[in-house]
Structure formats: C-alpha cells, structure tokens
Amino acid sequence: MAPHDTILSAIGGTPLIRLARASEETGCTILGKAEFLNPGLSVKDRAALSIVRDAEARGLIRPGGTIVEGTAGNTGIGLALVAAVRGYRTVIVIPETQSDEKKQTLRLAGARLVEVPAVPFSNPNNYVHAARRLAEALAATEPAGAFFADQFDNVANRQAHIETTGPEIFTATGGTVDGFVCAAGTGGTLAGTAQALRALKPGVRIALSDPEGSALHAYYTDGALKAEGSSITEGIGQGRVTRNLEGFRPDHSYRIPDREALEHVFGLMRDEGLSLGGSSGVNVAGAVRLARELGPGHTIVTILCDGAARYASKLFNPAFLRERDLPVPSWLEGAAEALP
Ligand code: PMP
C-alpha cells in the first residue's frame, strides 16, 4: 500500500465485517461497515471531509479561518482533524448531555468547546442555532473569517455517502447487497448511501432504524412527525426532515428500544470482539428486523458508526444502566470479582 500523503486519505474505505450471531439467527448474511476504523473513529469523518472540501471549492472558507459546528461530538471530532490538516481552527457547540469521552476527545483534537443546555430544535438556544449565531459573530471578528459547517442542512454531508459509502458497499459485496439499514441523525448516511445503492442496484431494500424519542419512524409510517419515549443512544434520532433527508423515503422503518439495541452492543463485544457505541446497536437491531422481513438468504448491510470507548462512562457503566432500568451484562458487573 502506498503511503498516505495526509491522514485525510485514510478516511473511508472501511471493511465490511460479517456479524456471526445476527447472520446465523436470521439465515441471512448481515454485514457491518466498520466506520469506527476511520481516523476520527466514526462514520462522521466522511461528512466532515466532504463539508470542508465543498466549502473550499465554493470559496466559503479561507486559510486560518474558523469552522463552527453544532454537533453531538463525532462530526466535531472529524472536523477538528480535517481542520488541523487543512489549516483551520475549530469551534464546537455541543449539548452538555453528550458523553465526557467525546468532549475530552474534542479538546484533545484541538477544538474549542462551547457547552450548551440540551433543548429542542424549536428552542432558539438549541445547539444548532447557537452554533449558527456564533459562526455569524466570529465571521465579523476573526481576521480570517468563520464558516458554519451546518451538517444537518448542508448536503455536502449526504454527498460523501453518495460518492463513497454506497459505492464501497456495492463493490465489497460484489453487487449482492439486498438491503441496507441504519439510523439517522442528520440523515446523511442513510439518505446518501440509499441514493447510491438504489442507482447501482435497483430493487435494493432501504430501512430506517429509529431510536425511541425520534420522530422519523412515525413520519415515514404515518406521515406525522411525532416522537415518543427517549433513548440513551447519542448522535441519532431526529425531530424534523433535514435537508439531507429531503427527497428520501425508506422502504421499511423500525423503532428500536434501547434494550434491544444494547443486547447487540453487549453480545457483539463479548462474542465477536466488536467494541461499539449505542447507535451501532440500533443499526444491527434494524438489520436483524429487515433480515426477518426479507427472509433467509439475503445480504444486509448496516453501519457500525463508532466505538465503545466513547461511551465507557454511560453504556458500559453498570450504575448508569441500572438507574435507567436497563440490563447490566454479568461480565461487565462481575469482571473483577471473577478473578482468582
Ligand atoms: N451514530 C453516531 C454515533 C453519530 O454520531 C451519528 C451522527 N450524529 C450517527 C450515528 C448518524 O449519522 P448521520 O448524521 O449521517 O445520520
């Protein structure tokens, strides 16, 4: 393999990994795309790189300029690494409820962090609106200007998945992919990958895997944006049709309770050596449901968005799980006592 010129060309090109138990239980081939192997350790590196390249091509960002974004964390980590290589500064507005691990990673990546209360999009203090206002203010005061990355409504995000994620899945399965399923935060991964796969493989089945507390499942099944319940997963779930979701419709939609998602997260860690975050669990649960709907013999691909290390204090913390009446796997609880 030729040396990479910068870390940026190591973004994408992630392997598909067969998920053994999910495949055996359904009689399908269920494959997870290992996005946690990206340099910033999540699927969002792809969107970050695409957004910055697009802004450069449009002349929206100048050398030494500041990139501002509102993010649950992973997009900010991707932006911070792209910015480091391309010579920009990064300011990240993050809801204070996001994991400390992600906040710490952002600081280590050189981003300046602004924590804001977690309030809905309809509230003007929501992190996305706060980031947009901050970008406007910095554009006037920073010598090299500022650029609002706007991942939810900037379709350079979706474009990354049209150009890379979708074609990679088609090629790596030798064109045998029958179904693709994932959750939506901005919707870039779902809508972009779906658009590419539908063009390459007419008839491919696309499914949304939605956490509780998100309005998209109701929207695609009943036509009304309606949210019920809540989820401990981060980075997924959406209360509106973002620009990245415009023009997109899934063929199937599933609402996945945390309990079902966590069973996959814990099982994949214990039995298959895959150390994953909560949104990957929602995705694998959705892949299993789609496999059951399509029947044995199909090839179904989903996204393994990021890794467990980003959530050690939450998903893998017995006290955190118990407080929310969620199952605590025995190996997580008794690991130390079990030693001689
Ligand atoms: N999983 C995680 C952990 C994320 O951070 C995100 C992005 N917020 C997603 C899934 C969803 O990806 P997208 O924004 O492309 O819908």
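The values are calculated or read from the model by the stated rules, or taken from the named source; none is laboratory data. These figures come from a predicted structure and were not determined experimentally. Methodologically, a virtual Cβ is constructed for each residue, glycine included, from the backbone with ideal geometry; neighbour enumeration extends over all protein chains shown.
For region 166-192, how many residues are in contact (Cβ under 8 Å) with a residue 40 or more places away in the chain, more than 9 Å from the ligand (Cβ to nearest atom), in a helix (DSSP H, G or I) and touching a helix residue (DSSP H, G or I) at 6+ places or on another chain (Cβ under 7 Å)?
1
Assess whether Pro120 counts as being closer than 30 Å to Arg292 by Cβ and either within 14 Å of the ligand (Cβ to nearest atom) or not basic (Lys, Arg) (or both).
So Pro120 fails the test.
May I ask you to list pairs of residues, at least six apart or on different chains, whose Cβ atoms are under 6 Å apart, with the first in region 136-152 being assigned to a helix (DSSP H, G or I) and the second being of a type in the set (Val, Ile, Thr)?
Leu138/Thr66
Any residue that is farther than 20 Å from Asn244 by Cα, in contact (Cβ under 8 Å) with a residue 60 or more places away in the chain and surrounded by fewer than 20 Cβ atoms within 10 Å (Cβ to Cβ) - is there at least one of those in region 32-41?
yes
Could you tell me whether any residue of region 3-24 is part of a helix (DSSP H, G or I), acidic (Asp, Glu), in the same structural domain as Gly307 (by the TED database) and modelled with pLDDT of 95 or more?
Yes - at least one qualifying residue is present in region 3-24.
When Trp331 is evaluated against the numbered criteria (1) under 23 Å from Ser214 (Cα atoms); (2) aromatic (Phe, Trp, Tyr); (3) more than 16 Å from the ligand (Cβ to nearest atom), which criterion, by number, is the only one it fails?
Result: Trp331 fails condition (1) only.
Being crowded, with 16+ Cβ neighbours inside 10 Å, part of a loop (DSSP other than H, G, I, E, B) and within 16 Å of the ligand (Cβ to nearest atom) is the filter here; which residues of region 291-315 pass it?
Cys305, Lys314, Leu315 - these are the residues of region 291-315 that are crowded, with 16+ Cβ neighbours inside 10 Å, part of a loop (DSSP other than H, G, I, E, B) and within 16 Å of the ligand (Cβ to nearest atom).
Which of (1) over 15 Å from Val114 (Cα atoms); (2) part of a loop (DSSP other than H, G, I, E, B) is the odd one out, the single condition Val82 does not satisfy?
(2) is the only condition that Val82 fails.
Go through region 85-106 residue by residue and tally those that are in a loop (DSSP other than H, G, I, E, B) and either surrounded by fewer than 23 Cβ atoms within 10 Å (Cβ to Cβ) or within 15 Å of the chain's Cα centre (by Cα) (or both).
Looking only at that region, the number is 5.
Looking only at region 269-286, count how many residues are touching a Gly at 6+ places or on another chain (Cβ under 8 Å) and buried (at least 21 other Cβ atoms within 10 Å of the Cβ).
Counting residues in region 269-286 that are touching a Gly at 6+ places or on another chain (Cβ under 8 Å) and buried (at least 21 other Cβ atoms within 10 Å of the Cβ) gives 7.
Could you list, in sequence order, the residues of region 269-297 that are farther than 18 Å from Asp178 by Cβ and over 18 Å from the mean Cα position of the chain (by Cα)?
Met269, Arg270, Asp271, Glu272, Gly273
Could you grab me the full set of residues in region 246-263 that are over 15 Å from Ile206 (Cβ atoms) and buried (at least 20 other Cβ atoms within 10 Å of the Cβ)?
The answer is Arg255, Ile256, Asp258, Ala261, Leu262.
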